[in-house]
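The block underneath contains the structure these notes are about, expressed in structure tokens.
The values are calculated or read from the model by the stated rules, or taken from the named source; none is laboratory data. Predicted, not measured: the structure shown is a model, and the values here were computed from it. All Cβ positions, glycine included, derive from the backbone under ideal geometry; neighbour counts span all protein chains shown.
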């Protein structure tokens, strides 16, 4: 289904609106490749593995002017900001889940000497808590929440969809508990109107961030996963010419339309 838009936004109106804070919070929890040197020393992964594990360039794709933005400053290989702080799995289990994983979703071991419980709790205090404090500070000021991610074009071997191709865009709403059918459909139609294939809650429905801060009756929110194949050369991890800018323009347009046309927020 192709989305029919009533009219093209007046760019003067967009520019004027963007001078003020928009009531949208954008979270980008997995975009960082930074690993503190003392932690990097004990990692057995190659630099490319660390880079590949990040949601590369989501800091630019979801860089929406005048929104409230919270951005990760540490790699998810250190602490996964989209997992509960008490979701601590014993490193001996070699799980890719948990707030501090033992292996990647490709099954590669992360640490030469797995961190003990005390170390894990220190990392949670130093990296996880500050990120979520920033979200809590911004949340009362907004009307809608977007959790911005990117994903591999094919399911990694540790995932349920291993080897299967993924859609261009995957929208997650935790089985419609964080966002209504109407709003989810609006966002899906927008991306389809741009020529993208879209799936909902498959393979990602949203995790700790969406579940902690969003509900359809309190603060509605949606997770947006962008297929890395749209904007990256998967072998070199270099961006395709103009694609990051194109996707960023689409996200900016989506937010403006969502606020004005669907949520009916007065700008």
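Kindly indicate whether residue 257 is in a loop (DSSP other than H, G, I, E, B), more than 23 Å from residue 98 (Cα to Cα) and out of contact with any helix residue (DSSP H, G or I) (no Cβ under 6 Å at 6 or more places or on another chain).
So residue 257 fails the test.
Here is a yes/no grid of residues against (1) at pLDDT 95 or above; (2) assigned to a loop (DSSP other than H, G, I, E, B); (3) more than 17 Å from the chain's Cα centre (by Cα); (4) closer than 23 Å to residue 260 by Cα:
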{"residue": "128", "(1), (2), (3), (4)": "yes, no, no, no"}
{"residue": "145", "(1), (2), (3), (4)": "yes, no, no, yes"}
{"residue": "186", "(1), (2), (3), (4)": "yes, no, yes, yes"}
{"residue": "190", "(1), (2), (3), (4)": "yes, no, yes, yes"}
{"residue": "195", "(1), (2), (3), (4)": "yes, yes, yes, yes"}
{"residue": "202", "(1), (2), (3), (4)": "yes, yes, no, no"}
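Does any residue of region 227-234 turn out to be in a strand (DSSP E or B) and either farther than 20 Å from residue 170 by Cα or without any contact (Cβ under 8 Å) to a residue 12 or more places away in the chain (or both)?
yes
Residues considered: 179, 138. Of these, the only one that is crowded, with 19+ Cβ neighbours inside 10 Å and part of a loop (DSSP other than H, G, I, E, B) is 179. Answer with yes or no whether residue 230 is under 17 Å from residue 166 (Cβ atoms) and buried (at least 17 other Cβ atoms within 10 Å of the Cβ). Yes; evaluated as a whole, the condition is true for this residue. Residues in region 108-123 that are crowded, with 17+ Cβ neighbours inside 10 Å and within 25 Å of residue 204 (Cβ to Cβ): 110, 120, 123. Under 6 Å between Cβ atoms, at least 6 apart or on separate chains: pull out the pairs that start in region 132-147 with a residue that is closer than 19 Å to residue 63 by Cβ and end on any residue that is in a loop (DSSP other than H, G, I, E, B). Hits for this filter: 142/23; 144/220; 145/214; 145/219.
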